[in-house]
Amino acid sequence: MSHNHSEHIKNKENVHTFYIGFDLDDSGNISQVKSKFYDELFDDITAFAFGTKNVMSKIRTTQDISKVQREALRKMYNIPELQEASKYYLESDDIEDKYLKRGEFGELLLYHLLHEYFNADALISKIYFKDSMGLPAHGFDAVHVDSENRILWIGESKLYTAANSAIDALMKDLEEHFNSNFFDSEFAIIDNRVHDSGIELDDFMKTLIDPQTKVLNRLANINIALFAGFDSKSLQNYSDDHIFKENLENEINLLRERANKKVENHSWNNYLNIFLFLFPLESKREFVKDLHLKLKGAQQG
């Protein structure tokens, strides 16, 4: 696994905090290794765009991994929502509120965390199916498989400036996506796409994604990853590692409590295995701008 430039803290009650790591810079200061983390994140774009099995197939066909990587970067860059947001982030200092609240790159971050820290590979690629088959993207932001532990990870992601807004938006997704009608519809789509792509699954996983399988039986083998990236006062006021971690713990506890209060009201609460993934940032706006710049440069290389 290549998470050398991010840090992971396991909090209580399935709460995981991740952040870009720190190191000594050329000025003699301790600062986040942002550019190294961006490189690490972009290493996942090829599999994120195509799906691991499709990447292997493309490499065998073209015998040129760099060509496959460039194609993946172009696919990512050509997503209409990313194109539109890129113009605002790169050409204007006055970003409209609707762009600050959108989750560009949130799905890529969630993919990275599930793959690197939980050994869960994407079952289907949202970008690949939308682009190659003209199909609408499925509702879940991530559908990953941990084959070793026979777990299906379903994820939702939000990348906001305000932490509370990100948590509230995730709770809204939880309410809208975890009910019988939506669940049955989504698993019918997932099952069809797995069949169309020729992905081979064992009998257990085939049964798990089968839309005819009881919701109770599916939920027993599903982990739900709720990812929230947000501006963090702990990072903005960083002075030393000890104080930072104390402040961060207080910040995370408040978000955990906010999420728990809302989860308790969900009618399926007793059957949901929820993991809260928190990703504090010094500035969500600058983070997204940096990634837009990197993506624009990389796909033109």
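The values are calculated or read from the model by the stated rules, or taken from the named source; none is laboratory data. Small disclaimer: the values here were computed from a predicted structure and weren't measured. Note that each Cβ is placed from the backbone with ideal geometry, even for glycine, and that neighbours are counted across all protein chains shown.
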* Hey, ILE124 hits all of (1) modelled with pLDDT of 65 or more; (2) surrounded by 15 or more Cβ atoms within 10 Å (Cβ to Cβ); (3) assigned to a helix (DSSP H, G or I) but one; which does it fall short on? -> (3)
* Listed residues PHE187, PHE204; which is of a type outside the set (Ser, Thr, Tyr), under 16 Å from SER125 (Cα atoms) and modelled with pLDDT of 90 or more? -> PHE187
* Within region 12-35, can you find the residues that are under 18 Å from LEU110 (Cα atoms) and surrounded by fewer than 19 Cβ atoms within 10 Å (Cβ to Cβ)? -> ASN14, GLY21, LYS34
* To do: Would you confirm whether any residue within region 25-37 is of a type in the set (Val, Ile, Thr) and either touching a helix residue (DSSP H, G or I) at 6+ places or on another chain (Cβ under 7 Å) or at pLDDT below 90 (or both)?
  => no
* **Filtered residues of region 147-161 (kept if modelled with pLDDT under 95 and more than 26 Å from LEU254 (Cβ to Cβ))** => SER147, GLU148, ASN149, ARG150
* **Among the candidates GLU257, GLU251, residue that is charged (D, E, K, R), touching a Lys or Arg at 6+ places or on another chain (Cβ under 9 Å) and modelled with pLDDT of 95 or more** => GLU251
* For region 251-301, enumerate the residues that are within 19 Å of ILE222 (Cα to Cα), more than 17 Å from the chain's Cα centre (by Cα) and among the β-branched types (Val, Ile, Thr). => VAL263
* Looking only at region 1-36, which residues are assigned to a helix (DSSP H, G or I) and either in contact with a Gly (Cβ under 7 Å, 6 or more places away or on another chain) or polar (S, T, N, Q) (or both)? -> SER35
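For region 162-211, what are the residues that are assigned to a loop (DSSP other than H, G, I, E, B) and not aliphatic (A, V, I, L, M)? Steps first, please.
Initially, region 162-211 is screened for residues assigned to a loop (DSSP other than H, G, I, E, B), giving 162, 178-179, 198-202, 210-211.
Hits for region 162-211 are PHE178, ASN179, GLY198, GLU200, ASP202, ASP210, PRO211.
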* To do: Check ASN164 against each of (1) at pLDDT 95 or above; (2) of a type outside the set (Gly, Ala, Ser); (3) surrounded by fewer than 16 Cβ atoms within 10 Å (Cβ to Cβ); (4) in contact with an Asp or Glu (Cβ under 7 Å, 6 or more places away or on another chain) and name the one condition it does not meet.
  => (4)
